[in-house]
Amino acid sequence: MDECEHSADGGIHSVDYSVDYSVDYSVDRKGRAGHAPARLLRVAAYPVLLLAVVSVGVAALWLQWDPAWVSSLFLVGVIAYLALLERLIPYDRNWYPGKAEWRWYGIYFLLTMAGSGLAQLLVALAVGLISPEEPAGHLWVEIPGALLAGSLVSFSVHRLGHRNALLWRLHGVHHVPEKVNVANNGVNHVLDIVLAQGLVQLTLALFGFSRPAVLVVGLFVAAQGYFVHANIDVRIGPLNHLLASPEQHRLHHSTDPSEAGHYGSDLSCWDHLFGSFTWYPGREPTAVGLYDPTSFPGTGEILAALLHPWRRRPAPGLRPE
């Protein structure tokens, strides 16, 4: 049976589901281990991550754990889990960070965390307490509502970051690395993080979503954000039409405009709705990184990257859709 997928460039791709798409289509990969433990990991990796989100969320609400500590420790656990998977079931072994890259990524990670904290502080100063302590309605209705609202704002800001020349000079820093892995998920301009996370948190605050709902949604969004960036050979099949995945996000980082899209890092429904969903089974990027590598400083030039938005020389152009 054939189905058609609409890509971000307006094209239509015919997908033949009678074809076995489980064969190896990846680029620049040095082999795919076929032993039973690796196959099991590929199947179980994502369900285990989702189970961790639910388990930690329920425990945090039931035992009334401090949200700040829960969020921080959970993020560390997610990063460690995905980093281990990158070694056990890598998508592309050439995407492992080198020693110098680990140093650069570590600095960027700290800057990203600082930007996230600054965004939360600014929202708190603007609207007082970010969220009410108790839910106004049923918590299990609040949680999907908070997820949809926050996801839509995040998607919109991300897409605008690719279309607006000034915002691209902030967001483009994230697309400089020519590989996609857990470590370089934190490669961001600090102001890009302040803007994106600040607007999401402001939206949740203005809608009045409670702290428990924001906590649970935050755990899921954090897990998804690092999951989609992971250099792991995991495929989630039909779930791609609901949730974001590494399969989609690698396309987002593609240097080929016809492959790019996928601005959602948690839900994929907005990409479907707004025509930026380009994934179909077996589709993988030809290469990842900047469309014009000369338009931004290299990843190791951290200070130059932070000052890039204020450089007099105009950027050669936006990263194509």
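The values are calculated or read from the model by the stated rules, or taken from the named source; none is laboratory data. Owing to the predicted nature of the structure, the values given are computational and were not obtained by experimental measurement. Backbone-built Cβ (ideal geometry, glycine too); neighbour counts: all protein chains shown. Ligands, DNA and RNA are stripped out before the accessible areas are found, and what is left, the full protein with its side chains, is counted by its heavy atoms. Shrake-Rupley method; radii C 1.70, N 1.55, O 1.52, S 1.80 Å.
Based on the Cβ-Cβ distance from residue 54 to residue 102, what FRET efficiency comes out when R0 is 25 Å, to the nearest 0.05? Walk me through the intermediate numbers first.
Working: r = 31 Å, r/R0 = 1.26.
Approximately 0.20, to the nearest 0.05.
Which of rounded, prolate or oblate describes segment 184-321 when judged by the alpha-carbon gyration tensor and an a/c cut-off of 1.5?
Working: a/c = 1.89, a/b = 1.14, b/c = 1.67.
Note, shape of segment 184-321 comes out oblate.
Provide the per-residue ³J(HN,Hα) series for segment 210-225, in order, calculated from phi with Karplus coefficients 6.51, -1.76, 1.60 and θ = phi - 60°, each as a whole number of Hz, with x at glycine and proline positions.
These are the phi-based 3J(HN,Hα) values: 6, 4, x, 5, 5, 4, 5, 5, x, 5, 5, 5, 5, 4, 5, x Hz.
Ordering 168, 270, 104, 140 by how much accessible area each has at a 1.4 Å probe, largest first, what is the list?
On the way: 168 5, 270 40, 104 85, 140 145 Å².
Per-residue accessible area, sorted high to low, gives 140, 104, 270, 168.
So, in nm, how far is label residue 110 from label residue 44 when the simple model puts each one 7 Å beyond its Cα toward the Cβ?
Spacing of the two 7 Å Cα→Cβ label points: 3.7 nm.
Once phi is turned into θ = phi - 60°, what whole-Hz ³J(HN,Hα) does the Karplus curve with 6.51, -1.76 and 1.60 give for every residue of segment 247-257, x standing for Gly and Pro?
Running phi through 6.51 cos²θ - 1.76 cosθ + 1.60 with θ = phi - 60° gives 4, 6, 6, 5, 5, 4, 8, 5, 7, 8, x Hz.
Mind listing the phi-derived Karplus ³J(HN,Hα) values for segment 56-65, rounded to whole Hz, using 6.51, -1.76 and 1.60 with θ = phi - 60°, and x for any glycine or proline?
Taking θ as phi minus 60°, the curve returns 5, x, 5, 4, 5, 6, 5, 9, 6, 5 Hz for segment 56-65.
What distance in nm separates the two pseudo spin-label positions at residue 80 and residue 125, each 7 Å out from Cα along the beta-carbon direction?
Each label point is offset 7 Å from its Cα along the Cβ direction, giving 3.5 nm.
Volume per residue, Å³, of the convex hull around the alpha-carbon atoms of segment 37-89?
Details: hull volume 3.2 nm³, N = 53.
Convex hull volume per residue, Cα atoms: 60 Å³.
Report Rg/Rh for segment 144-249, rounded to two decimals, where Rg is the Cα radius of gyration and Rh the Kirkwood radius. Don't jump to the answer; show the numbers that get you there.
Numbers: Rg = 14.4 Å, Rh = 14.8 Å.
In segment 144-249, Rg relative to Rh is 0.97.
Give me the Å³ per residue figure for the convex hull around the C-alpha atoms of segment 237-310.
Values: hull volume 8.3 nm³, N = 74.
Normalising the Cα hull of segment 237-310 by residue number yields 113 Å³.
What is the log10 of I(q)/I(0) for segment 38-157, computed with the Debye formula using one identical point scatterer on each Cα and no solvent, at q = 0.13, 0.14, 0.22 Å⁻¹?
Debye output, listed in q order: -0.79, -0.91, -1.49.
Under a 5 Å amide H to amide H cut-off, with H placed in plane at 1.01 Å, what residues pair with residue 288 once short-range neighbours are removed?
It is 255, by chain and number.
Quick one: which residues, 5+ away or cross-chain, put their amide H under 5 Å from the amide H of residue 267? H built at 1.01 Å from N.
Sorted by chain and number, the residues that satisfy this are 244.
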